[in-house]
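The values are calculated or read from the model by the stated rules, or taken from the named source; none is laboratory data. All values reported here derive from a predicted model rather than from experimental measurement. Cβ placement follows ideal geometry from the backbone for every residue including glycine, while neighbour counts extend to all protein chains displayed. SASA here: full protein model, heavy atoms, side chains in, ligands and nucleic acids out. Shrake-Rupley method; radii C 1.70, N 1.55, O 1.52, S 1.80 Å.
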Amino acid sequence: MTNVVRSTCPYCGVGCGVEVRQTESRGFEISGDKQHPANFGRLCVKGAALGETLGLEGRLLYPEINGERLEWEAALDETAHRLQAIIDEFGPKAVAFYASGQLLTEDYYAANKLMKGFIGAGNIDTNSRLCMSSAVVGYKRAFGADFVPCSYEDLEQTDLVILVGSNAAWAHPVLYQRLMQAKQQRPQMKVVVIDPRRTATCDIADLHLALRPGSDAALFVGLLNHLQPSLAETTFDGQTAALDIAADWTLEKCADFCQLESADVQTLWQWFAQANRAMTLYTMGINQSSSGSDKCNAIINVHLASGKIGREGCGPFSLTGQPNAMGGREVGGLANQLACHMNFEPADIARVGRFWGSERIAETPGLMAVELFEAIGRGEVKAVWIMGTNPLVSLPDSSHVAQALAKCPLVIVSEVVSDTDTSRFATVKFPALAWGEKNGTVTNSERRISRQRAFLPAPGEARADWWMVAQIAQRLGYREAFHWQHPHQIFSEHAALSGYENNGIRAFDISGLANLSRAQYDALEPVRWPVTEQGHSPFKSWHPNGKFQLLPVEPALPQASADHTYPLILNSGRIRDQWHTMTRTGNVPRLMQHMKMPLLEIHPRDAKRYGVTNSGLVRVASRSGGMVAKAWVSENQLPGNVFVPMHWNQQFARKGQINSLVKSVCDPHSGQPESKQTAVRIQRWQPGWCGEIFAREDIVFAQEIQWWKQASPGVTHFLCAADTHASAWIEALAAGRGWQLQTACGDGQFYHVLAWQNGVLQLAFYSAHVWPEIATAAVVNAFEQAPETAADRHRLLAGKAPGAQADAGATVCSCFGVGEKMILAAIAGGCQSVAQLGEKLRCGTNCGSCIPELKALLK
Ligand SMILES: Nc1nc2c(c(=O)[nH]1)N[C@H]1C(S)=C(S)[C@@H](COP(=O)(O)OP(=O)(O)OC[C@H]3O[C@@H](n4cnc5c(=O)[nH]c(N)nc54)[C@H](O)[C@@H]3O)O[C@H]1N2
Ligand SMILES: Nc1nc2c(c(=O)[nH]1)N[C@H]1C(S)=C(S)[C@@H](COP(=O)(O)OP(=O)(O)OC[C@H]3O[C@@H](n4cnc5c(=O)[nH]c(N)nc54)[C@H](O)[C@@H]3O)O[C@H]1N2
Ligand code: SF4
Ligand SMILES: [Mo]
């Protein structure tokens, strides 16, 4: 064992500290950093599995142009030359950057500086547009600054926590565990979950409001009315108008609008009114809406009007999704911000120009994500540099995104992974450093800046994202302004800009960190901003008149609405063990165990209506596109609504991509798409067969076969299904390879094949009319070590483990690989609580992410 490197988890916005230890087998052991104030040593399953994501398989390691590997010098020269040619001919607005909340602050700062400061256009936007741009609008309208007025500690001091549009149990697991613990310690603290679905987060809820999708604003506008705030006439800007609108939103009207019981709405309102301290945590169920900004303000309004803000245990808390979504907001990476909490105002433009030494500062906002890709499609933007995001999967209306990229003369993609849906359209590919190799800072939901530190050398020719930006900038002629050698220099510059002519007028000020030495930067402990030498009032209004604003909000329903042809509303979001487009989690066996293919959650009433059975396949279609998913019939869903995960894409499935269905309808203020509501129809799909295939080599699927990639060590492994019998396809695969086929087919009920070559297993295929039950681990193992006895080979052909090994069932606890069947057996054997299950099987005793599922099984 050698030294320990302290770093920060690269997944969600909780921003947990991790410790990395090299093991004797040259692997790395990841554990929670007990000193880190975000997690105090805890990690969720994704963080705990980070050590399994460090391999180089599938990594992009060398620069490429048009598929040809080039030296960096040549690739940079050529790319800069092409960019310059486009700028010369069509002007700076013909180029754009599309960045990401997964870049480090230093990378983000460099990209923003190049585009807005030197190329001279506002055209840098980010995937955060799809994520928290509504939240930014909400805060800015209310406080005059994008300032999150809460911390995690507040959760431990509050009397009421409202989680609205947040499935924190899966999306912010360590924060959820802190909340769980707080509730255990103070059971009088109430928890309310507002979500059309019953999610794992509801596990600790005293009240769950399964409201009509998109109707949330009414709950908060009605609450404002219920509070009847006795305010001096001049307390807030906009208060008369806000209170006037709210006056119409009576209990009955709200309950009706939200399709909730009046009594439940009243409970929520009474709890809020009576609580001395209350917090509202909100995420994508609020932000990803065509009226998301207004919803954010409806939430902030009730905190302002009741004084539950700006003190311990209080406040409207927008949780950030990505590890550095907040860092992107700080540097100004959204197209409608200039830099460092400055806007496109003449004074700000001049100030940034002085600081950067540039006369080319962009004077107007650039294109926001959805608009940007539309402009590419129209040929107005002719070059786009995509860094750290996979828009072909994550933007709505993906077929239009594909058409746009296919037409775009210059698509530069900086990536850690070689093949993504987006990189298929790349003219230029730049290999980026991944987590473990990168060095810099990130900021979490509670404004806490932490260091990510490298503990691995750069593989191949991968380079830091900031370095690529700086190299291109230098070749475009901006040598002076981009001569950094180390992220420490960029951080110092960024910190200095934050304090430059600030004097308390801008919330974001970390000028106290501008003079850190390299060693101090390397040793930087997690710190919440502002950090200034003079001290800085942490929370106030930054509006010029010093007042907060109550925004008048008229509740609105989603633009998407069900009709005869498309009678269901499709909701989308996260699952526990996958990260976004799966590039970093989809190949980790233990993270793929929890959910092997996209599940469509559907209420039993709708399942019956559409003839859908649990675990059966369904085709889902909207006016824009379609996908195939597996049904999960569940009372957790409201009738009329279905839910599908956002993660699957063309690397992991044929037709698994939710955003091929979602339309690009956006909030008018934030430009954030309405990703949570789409009108769809579903149709049961009864394939001729469904099954699993395992092989030593890559498999080329016939066009008519649907497939879902699995992560099994050492083999290619897919779930698959099709209409026509599988035998012809399998025989074609085997043809000419000299394989001996061992088959079993029971009366046309099932068809199993093992392909052998000199006693070595080449392929195993199992299919039936319904999903066959396969002992996956045993099949995978047979590729490494073929079964020795005829009886065991026979069992393998039947999809069974050798001898009498029991099958564990679907994995519930990913940390210890504990399956559902093992848990059910233990319950049948007398285990009555999560604690007893933990003692017997260890499940739920590490990260705790599976506890809600253990409880469900116990029930
Ligand atoms: N495991 C995992 N964790 C992640 C991520 C990941 O990919 N995987 N991504 C990270 C990122 S970038 C983000 S932004 C966060 C997102 O974190 P969350 O926002 O918590 O996650 P989602 O699953 O997108 O959506 C949350 C909930 O909104 C609900 N919802 C849908 N429509 C409505 C509505 O009209 N009203 C209300 N009240 N609720 C509604 C959905 O049913 C869903 O349960 O997660 C972060 N954490
Ligand atoms: N329907 C629907 N759509 C959604 C959502 C939803 O809930 N429903 N959620 C939206 C939200 S909140 C978000 S945040 C987006 C997320 O969507 P994306 O940002 O598109 O998803 P990621 O898979 O995180 O993409 C990050 C990419 O960057 C690469 N990468 C990782 N690290 C680095 C690095 O250090 N440098 C570089 N250059 N590349 C790197 C990864 O391999 C990956 O390809 O999806 C949005 N889309
Ligand atoms: S909660 Fe999990 S994914 Fe989020 S930062 Fe912590 S360990 Fe990483
Ligand atoms: Mo996000």
Checking Pro713, Pro687, Pro673 in turn, the sole residue that is more than 24 Å from Gly616 (Cα to Cα) and in contact with a strand residue (DSSP E or B) (Cβ under 7 Å, 6 or more places away or on another chain) turns out to be Pro673
So the check is Cβ under 6 Å with 6+ separation or different chains; which pairs have a first residue in the range 152-165 that's farther than 22 Å from Arg528 by Cβ and in a strand (DSSP E or B) and a second one that's within 16 Å of ligand 4 (Cβ to nearest atom) and of a type outside the set (A, V, I, L, M, F, W, C)?
Val164/Tyr282
Here is a check on your reading of the model: is Tyr98 touching a His at 6+ places or on another chain (Cβ under 6 Å) and away from ligand 3 (no atom under 16 Å from the Cβ)?
no
Which members of the range 126-149 meet the condition of being within 12 Å of ligand 2 (Cβ to nearest atom) and open to solvent by less than 10 Å² (accessible area, probe 1.4 Å)?
Thr126, Ser128, Arg129, Met132, Ser133, Ser134, Ala135
Go over the candidates Val5, Val18 one by one and state the one that is over 24 Å from the mean Cα position of the chain (by Cα) and within 20 Å of Leu104 (Cβ to Cβ).
Val5
Among (1) under 27 Å from His494 (Cβ atoms); (2) part of a helix (DSSP H, G or I); (3) open to solvent by less than 20 Å² (accessible area, probe 1.4 Å) - the single one Ala404 does not satisfy
(1)
Taking the criterion of being open to solvent by less than 10 Å² (accessible area, probe 1.4 Å), within 30 Å of Ile602 (Cα to Cα), touching a Leu at 6+ places or on another chain (Cβ under 7 Å) and assigned to a helix (DSSP H, G or I), would at least one residue in the range 256-264 satisfy it?
yes
Residue under question is Lys46, and the condition is that it be loosely packed, with under 13 Cβ neighbours inside 10 Å, among the charged types (D, E, K, R) and within 15 Å of ligand 3 (Cβ to nearest atom); does it hold?
no
Checked Pro802, Pro852, Pro772 against criteria (closer than 22 Å to Cys690 by Cα and touching a residue at least 24 places away in the same chain (Cβ under 8 Å)); the one match is Pro772
Taking the criterion of being in contact with a Ser or Thr (Cβ under 8 Å, 6 or more places away or on another chain) and polar (S, T, N, Q), would at least one residue in the range 431-441 satisfy it?
yes
Under 6 Å by Cβ, and 6 or more places apart or on different chains, what pairs join a residue from the range 37-50 that is among the charged types (D, E, K, R) with one that is part of a loop (DSSP other than H, G, I, E, B) and within 11 Å of ligand 1 (Cβ to nearest atom)?
Lys46/Tyr11
Tell me, which strands (runs of 3 or more DSSP E) wholly within the range 733-841 include 3 or more residues that are under 35 Å from the mean Cα position of the chain (by Cα)?
760-768, 811-813
Checking Gly332, Gly315, Gly328, Gly307 in turn, the sole residue that is within 16 Å of ligand 4 (Cβ to nearest atom) and either buried (at least 24 other Cβ atoms within 10 Å of the Cβ) or within 25 Å of Glu153 (Cβ to Cβ) (or both) turns out to be Gly328
Top-ranked residue in the range 565-610 [being among the hydroxyl-bearing types (Ser, Thr, Tyr), open to solvent by less than 40 Å² (accessible area, probe 1.4 Å) and away from ligand 3 (no atom under 16 Å from the Cβ); ranked as farthest from Ala777 (Cα to Cα)]:
Tyr566
Filter the range 171-208 down to the residues that are open to solvent by 10 Å² or more (accessible area, probe 1.4 Å) and in a strand (DSSP E or B), then identify the one that is nearest to Lys295 (Cα to Cα).
His208
Please give the number of the condition Val381 fails out of (1) in contact with a strand residue (DSSP E or B) (Cβ under 6 Å, 6 or more places away or on another chain); (2) away from ligand 1 (no atom under 16 Å from the Cβ); (3) closer than 16 Å to Gly117 by Cβ.
(3)
Qualifying residue in the range 800-813 (condition: open to solvent by less than 30 Å² (accessible area, probe 1.4 Å) and more than 30 Å from Gly47 (Cβ to Cβ))
yes
Using the structure shown, decide if Thr716 is within 20 Å of Trp648 (Cα to Cα) and of a type outside the set (A, V, I, L, M, F, W, C).
yes
Matching option when the condition is at pLDDT 95 or above, within 16 Å of ligand 1 (Cβ to nearest atom), part of a helix (DSSP H, G or I) and assigned by TED's automatic domain parsing to the domain that holds Tyr98, among Val370, Val393:
Val393
I'm trying to understand the selection: among the residues of the range 811-840, which are aliphatic (A, V, I, L, M) and either over 24 Å from Thr585 (Cβ atoms) or in contact with a Gly (Cβ under 6 Å, 6 or more places away or on another chain) (or both)?
Leu824, Ala825, Ala826, Ile827, Ala828, Val834, Ala835, Leu837
For the range 593-649, how many residues are touching a Ser or Thr at 6+ places or on another chain (Cβ under 9 Å) and farther than 26 Å from Ser849 by Cα?
8
Open to solvent by less than 10 Å² (accessible area, probe 1.4 Å), touching a residue at least 24 places away in the same chain (Cβ under 8 Å) and not assigned by TED's automatic domain parsing to the domain that holds Thr199, is that true of Leu638?
no
Working only within the range 520-547, note down all residues that are polar (S, T, N, Q) and assigned to a loop (DSSP other than H, G, I, E, B).
Thr532, Gln534, Ser537, Ser541, Asn545
Expected single match for surrounded by fewer than 24 Cβ atoms within 10 Å (Cβ to Cβ) and within 16 Å of ligand 1 (Cβ to nearest atom) among Leu103, Leu155 is Leu155
Looking at the range 436-464 only, could you name the residues that are in contact with a Leu (Cβ under 7 Å, 6 or more places away or on another chain) and either surrounded by 22 or more Cβ atoms within 10 Å (Cβ to Cβ) or in a strand (DSSP E or B) (or both)?
Gly436, Lys438, Gly440, Thr441, Val442, Ser445, Arg451, Gln452, Ala462, Arg463, Ala464
Before we move on, is Thr678 among the hydroxyl-bearing types (Ser, Thr, Tyr), in the same structural domain as Val620 (by TED's automatic domain parsing), open to solvent by less than 70 Å² (accessible area, probe 1.4 Å) and in contact (Cβ under 8 Å) with a residue 12 or more places away in the chain?
yes
Among the residues of the range 161-170, is any within 20 Å of Gln288 (Cβ to Cβ), out of contact with any helix residue (DSSP H, G or I) (no Cβ under 9 Å at 6 or more places or on another chain) and either open to solvent by 20 Å² or more (accessible area, probe 1.4 Å) or not assigned by TED's automatic domain parsing to the domain that holds Trp632 (or both)?
no
